[in-house]
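Before any comments, here is the structure.
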Amino acid sequence: MNLWLLAASLASLVTAAIHAVVGGPQVAAPLAASDLGRVPRFTALYVWHMVTVLLLGMTGAFAAAAWSVAARPAAAFAAALAAAFALLSVGLGLRVRATARELPQWTLFTLIVGLAAPGLVP
């Protein structure tokens, strides 16, 4: 068993839980109740739920790779996604001049990458 990838799986699961439990009321609920037009509102909510599914998929990829070397390509892809999301979060934060408190997602995705990377080295 690869403990690094198991830890990355748990970090992804915790991130998914934070996304749903904390972010749901703070982000998804206000979006649903907003005055945005139907298409932008439903698209934003759809993307919100896509992120939930994606985080759970990353959790599964890391968990599978923790137990089986054959699943390492899936874990490498999940780690690449986490790295891209961390960079996207930092870039968006800089672009809109948001504080780390307003857009903290980069910290969670960076943690996931930091845990997965050692587990992906042969």
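Values in this text are rule-based calculations from the coordinates and carry no lab data. All values reported here derive from a predicted model rather than from experimental measurement. Please note: Cβ atoms are built from the backbone with ideal geometry, for glycine as well, and neighbour counts cover all protein chains shown.
Pairs, please: C-beta under 7 Å, at least 6 apart or cross-chain, first residue surrounded by 13 or more Cβ atoms within 10 Å (Cβ to Cβ) and in the range 15-42, second among the hydroxyl-bearing types (Ser, Thr, Tyr)?
So the pair list comes out as Ala16/Thr52; Ala16/Thr59; His19/Thr52; Ala20/Thr52; Arg41/Ser34.
What are the pairs with Cβ atoms under 8 angstrom where one residue, in the range 87-116, is more than 15 Å from Ala8 (Cα to Cα) and the other, located anywhere, is among the hydroxyl-bearing types (Ser, Thr, Tyr) and loosely packed, with under 12 Cβ neighbours inside 10 Å? Sequence gap at least six, or different chains.
Gly93/Thr99
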